[in-house]
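We did not get these values from a lab; they are worked out from the coordinates using the rules stated. None of these values were measured; they are calculated from a predicted model. Positions of Cβ are backbone-derived with ideal geometry, glycine not excepted, and every protein chain shown enters the neighbour counts.
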2 protein chains.
Amino acid sequence: MVIAFRKDLDLGKGKIAAQVAHAAVACALITEKKERKIFKAWMAEGQRKVVIRVSGLDELYRLKERAEMEGFRTCLITDAGLTQIPPGTVTCLGIGPGQEEEIDRITGEFPLL
Amino acid sequence: MVIAFRKDLDLGKGKIAAQVAHAAVACALITEKKERKIFKAWMAEGQRKVVIRVSGLDELYRLKERAEMEGFRTCLITDAGLTQIPPGTVTCLGIGPGQEEEIDRITGEFPLL
């Protein structure tokens, strides 16, 4: 599983962690329900998660489109905006889980957060 | 759901986010399986997550014990240690999900990460 976070948002590390956790839980639950085999393989391999950064909303949406074209499930996270940022701000994108080498083909070029 | 992170570990924000996400996914999945009603209520309320900080391992274990005595599920996260910290380092603790006011009684005194 890869979670892409917008580096143009000026958020504290606890807030970033909560948003990334939203994406991870959403991706895990939907995959558990819809793609049992992929989910089980991911769990068996230690539910790996990699957090990368994208420059902003444009790059996040381009990555989302590309991941979906390649057949990956994505979960876009929008903050409730109770603290730090306006309500409805898109903060991050969860991709997968899936075969590590296959996700890497899409996300491997991005720097870690 | 509350995730308590050790502030004595010198980790980057992407690494922190991945560890917190491990805790959130672990707590969500076990609660989904074992306490369906609590899980559904948490999902319906927007799967709220709060990330707090504890001073170190001692405080993390004390919090774990207290949360379990109060009837909450906990998930202790140990890093595989491939980067930044030694293998087997305990990084954070997931608590819940559960009734917000009830978890707050245990974790409300801790600062946000």
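Quickly estimate the mean residue ellipticity at 222 nm for chain A, helices only: each DSSP H run with n ≥ 4 gives -39500 (n - 2.57), and the total goes over all residues, rounded to 500.
Numbers: 4 runs with 52 residues, N = 113.
Value at 222 nm, helices only, nearest 500: -14500 deg cm²/dmol.
How many percent of DSSP beta bridges within the protein assembly as shown run antiparallel, rounded to 5?
On the way: 20 of 30 bridges.
Of those bridges, close to 65 percent are antiparallel.
Test of understanding: express the Cα radius of gyration of the protein assembly as shown as a ratio to 2.2 N^0.38 Å, with N the residue count.
Relative to the 2.2 N^0.38 Å estimate, the protein assembly as shown comes out at 0.96.
Just rank B:D10, A:D8, fewest to most, by other beta-carbon atoms within 10 angstrom.
B:D10, A:D8
Bin by bin, in steps of 10 Å, what percent of the Cα pairs in chain A do you find, going until the bin that has the longest distance?
15, 50, 29, 6
Checking the cross-link filter: which aspartates and glutamates have an alpha carbon closer than 17 Å to that of B:K7, excluding same-chain neighbours under 8 positions apart?
B:D58, B:E59, B:D79, B:E109
Label 7 Å along Cα→Cβ of B:M43; segment A:26-49 residues with amide nitrogen under 19 Å?
Residues A:26-40, A:43 fall inside that zone.
Please figure out what share of the DSSP beta bridges in chain A is antiparallel and state it in percent, rounded to the nearest 5.
Percentage antiparallel, nearest 5: 65.
On a 30 Å Cα-Cα criterion, which of the cross-link pairs A:K37/B:K15; A:K15/A:K37; A:K40/B:K64 come out too long? It would help to have the intermediate numbers written out before the result.
Values: A:K37/B:K15 27 Å; A:K15/A:K37 32 Å; A:K40/B:K64 28 Å.
From the list (A:K37/B:K15; A:K15/A:K37; A:K40/B:K64), the Cα-Cα distance tops 30 Å for A:K15/A:K37.
What net charge do the residues around B:H22 carry, taking every other residue with its C-beta under 14 Å from that of B:H22, with Lys and Arg at +1 and Asp and Glu at -1?
Result for the neighbourhood of B:H22: +3.
Rounded to the nearest 20 debye, what is the charge dipole size of segment A:1-104 about its Cα centre when +1 sits on each Lys and Arg Cβ and -1 on each Asp and Glu Cβ?
Dipole of segment A:1-104, to the nearest 20 debye: 340 debye.
Once Lys and Arg get +1 and Asp and Glu get -1 on their Cβ, which of B:A28, B:F39, B:A18 lies farthest toward the positive end of the dipole of segment B:3-51?
B:F39
About the Cα centre of the protein assembly as shown, what is the dipole size in debye to 20, counting +1 per Lys and Arg Cβ and -1 per Asp and Glu Cβ, all else neutral?
The calculated dipole for the protein assembly as shown is roughly 380 debye.
Among A:G96, A:Y61, A:T107, whose Cα sits farthest toward the positive end of the charge dipole of the protein assembly as shown (+1 at Cβ of Lys/Arg, -1 at Cβ of Asp/Glu, about the Cα centre)?
Towards the positive end, the residue furthest out is A:G96.
Excluding A:P86 itself, calculate the net charge of residues whose Cβ lies under 15 Å from the Cβ of A:P86, where each Lys or Arg counts +1 and each Asp or Glu counts -1. Please list the in-between numbers first.
Working: positive: A:R6, A:K15; negative: A:D8, A:D10, A:D79.
Around A:P86, the charge tally is -1.
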